[in-house]
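For reference, the structure is listed below as structure tokens.
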Amino acid sequence: MKQPKLRDSKHLHEVDYAINQIPENVVTQIGAGIVYLRYIGRRDMMGDDWGDIFAKAIGGNHLASPVGIADVEKGNIAWSLKTVKQNNPFGAKSVRLISGRCSPDYSFGIEDPHDDIQKTGEAVLAIWNSRVDIALSHYPHLRVNVLIRDYDLTNFVLFEEYLEHFNIADYEWVENSNSNLEGIERRTGLRKFVWQPHGAQFTILAPVPSSAVKFKVHHPHRVTQDEILEKIGFESSWIEII
């Protein structure tokens, strides 16, 4: 039976489920995709695997050519998908979301990022905000979807949050002992961003909400190569030596 549409209380538009209220049937379909990976012998999952699994679970489309930071679309909603590996997902309080490269030297002509740390940090956030604008020009409603996984694909934590602009004035930038720049939220004093001058990698530090979905996956017997070849009726004549 098709589930009724739920009203998203913030944006007031029709969606399959309200943000971070992921239905059990979607979680079950996600688990099925993970079981399949393990069944065919995979020991880990990559970002594209997560995109395929999530898109199938919600009946969406995994974009082969992402629009800005949008990875999966369904109707007027797009998701930026992240998967993070941790030893103990159930105990995770926060996660580091690698969010692309922001190069203020290219976009703002900043040759020495350490010359004016605040200016550099503000430029990094401006680049991020412009990427959000690109996605918003195609999809009026954006979410980030995070899957925390352990090292043997057994324990998982899943949550969503809105993907929106950051107010540049809300953050003070400092340099840490590794010569990376950190964005500190002025109101709370909490570290929110890390930017690495070498490589220009931008990382967002996201708290794990108490409402996150926790689930375990019990894996089947892992199929062997011989079993697969037998199932598909492999014959030596399929190999042509030239």
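In terms of solvent-accessible area of protein heavy atoms at a 1.4 angstrom probe, what is the ranking of 79, 238, highest value first? Working shown, then result.
Numbers: 79 10, 238 135 Å².
Putting 79, 238 in descending order of accessible area: 238, 79.
May I ask you to derive the relative contact order of the chain, considering only C-alpha pairs under 8 Å and at least 6 residues apart, and to give it as an integer percent? Please report the intermediate quantities before stating the final value.
Values: 397 pairs, mean separation 50.7, N = 242.
With pairs under 8 Å counted, the relative contact order is 21 percent.
In what order, largest first, do 203, 83 sit by accessible area if the probe radius is 1.4 Å? Don't skip to the end; give the middle numbers.
Working: 203 5, 83 35 Å².
Ranked list, largest accessible area first: 83, 203.
Could you state how much accessible area residue 138 has, in square angstrom rounded to the nearest 10, with a 1.4 Å probe and all protein chains kept in place?
Per-residue accessible area (residue 138): approximately 110 Å².
In whole angstrom, note down how far apart the Cα centers of the stretch 130-193 and the stretch 103-128 are.
With the stretch 130-193 and the stretch 103-128 each reduced to a Cα centre, they are spaced 18 Å.
What does a probe at residue 186 reach in the stretch 158-176, counting residues whose amide N is under 11 Å from the point 7 Å along Cα→Cβ?
Zone members listed by number: 168-173.
Carbon and sulfur atoms: what percent of the 1.4 Å accessible area of the chain do they account for?
Values: 6890 of 13710 Å².
Taking all protein chains in place, the chain shows 50 percent carbon and sulfur surface.
What do you get for Rg/Rh over the stretch 50-157 if you use C-alpha atoms and the Kirkwood form of Rh? It would help to have the intermediate numbers written out before the result.
Working: Rg = 16.6 Å, Rh = 15.8 Å.
When Rh is taken as the Kirkwood radius, the ratio is 1.05.
Report, by chain and number, residues whose modeled amide H sits under 5 Å from the one on residue 95, excluding near sequence neighbours (fewer than 5 apart, same chain).
HN-HN under 5 Å from residue 95: 206, 208.
Past the 16 angstrom mark, what percentage of all C-alpha to C-alpha distances in the stretch 133-242 do you count? Write down the numbers at each step before the final one.
Details: 4592 of 5995 pairs.
Considering the stretch 133-242, 77 percent of its Cα-Cα pairs are separated by more than 16 Å.
So what is the 222 nm mean residue ellipticity for the chain from helices alone, if each DSSP H run of at least 4 adds -39500 (n - 2.57) and you divide by all residues, rounding to the nearest 500 deg cm²/dmol? Before the final figure, lay out each step's value.
Details: 5 runs with 60 residues, N = 242.
Mean residue ellipticity, 222 nm, calculated: -7500 deg cm²/dmol.
Kindly report, to the nearest 10 Å², the accessible surface of residue 65 as traced by a 1.4 Å probe over protein heavy atoms only.
90 Å²
Taking the Cα centre of the stretch 14-134 as the origin, how large is its charge dipole in debye, to the nearest 20, when only Lys and Arg (+1) and Asp and Glu (-1) carry charge on their Cβ atoms?
660 debye
Using the structure shown, list the pairs from 192/214; 74/192; 192/216; 56/192; 93/192; 56/93 with a Cα-Cα distance above 20 Å, or answer none.
Numbers: 192/214 24 Å; 74/192 29 Å; 192/216 29 Å; 56/192 32 Å; 93/192 14 Å; 56/93 28 Å.
In this structure, 192/214; 74/192; 192/216; 56/192; 56/93 exceed 20 Å between Cα atoms.
May I ask you to rank 124, 27 by accessible area, largest first, using a 1.4 Å probe over the protein chains only?
Numbers: 124 0, 27 20 Å².
The ranking, largest first, comes out as 27, 124.
Which percent, to the nearest 5, of DSSP beta bridges fully inside the stretch 40-155 are antiparallel? List each step's numbers first, then the result.
Numbers: 6 of 15 bridges.
In the stretch 40-155, DSSP labels about 40 percent of beta bridges as antiparallel.
If you count the DSSP beta bridges with both ends in the chain, what percent of them are antiparallel, to the nearest 5? Walk me through the intermediate numbers first.
Details: 37 of 46 bridges.
Of the beta bridges lying entirely in the chain, close to 80 percent run antiparallel.
How large is log10 of I(q)/I(0) for the chain at q = 0.11, 0.12, 0.15 Å⁻¹ when the intensity is taken from the Debye formula with one equal scatterer per alpha-carbon?
-0.68, -0.79, -1.10
What FRET efficiency, computed as 1/(1 + (r/R0)^6) with R0 = 51 Å and r the Cβ-Cβ distance, is obtained for residue 116 and residue 35, rounded to the nearest 0.05?
Working: r = 51 Å, r/R0 = 1.00.
The value I calculate is 0.50.
Taking 0.36 nm per residue of separation and subtracting the Cα-Cα distance, what length does fully extending residue 222 through residue 174 add?
Numbers: separation 48, 0.36 × 48 = 17.28 nm, distance 4.84 nm.
Length gained, residue 222 through residue 174: 12.4 nm.
Just name one of 68, 126, 142: the one whose Cα is farthest towards the positive end of the charge dipole of the stretch 60-143 (beta-carbon charges, Lys/Arg +1, Asp/Glu -1).
Comparing the listed Cα positions along the dipole, 142 ranks first.
What trypsin sites (Lys or Arg not before Pro) does the stretch 111-204 have in DSSP loop regions with at most 13 other beta carbons within 10 Å? Before the final figure, lay out each step's value.
Values: sites: 119, 131, 143, 149, 186, 187, 191, 192; in loops: 186, 187.
Answer by residue number: 186, 187.
Can you tell me the accessible area per residue over the stretch 60-184, all protein chains present, probe 1.4 angstrom, in square angstrom? All intermediate terms of the calculation are to be shown ahead of the outcome.
On the way: 5830 Å² over 125 residues.
Here the residues of the stretch 60-184 average 47 Å² of exposed surface.
The values are calculated or read from the model by the stated rules, or taken from the named source; none is laboratory data. Note that the structure is predicted; figures quoted are calculated from it, not measured. We place every Cβ from the backbone using ideal geometry, glycine too, and count neighbours over all the protein chains shown. Ligands, DNA and RNA are excluded from the accessible area calculation, which covers all protein heavy atoms including side chains. Shrake-Rupley method; radii C 1.70, N 1.55, O 1.52, S 1.80 Å.
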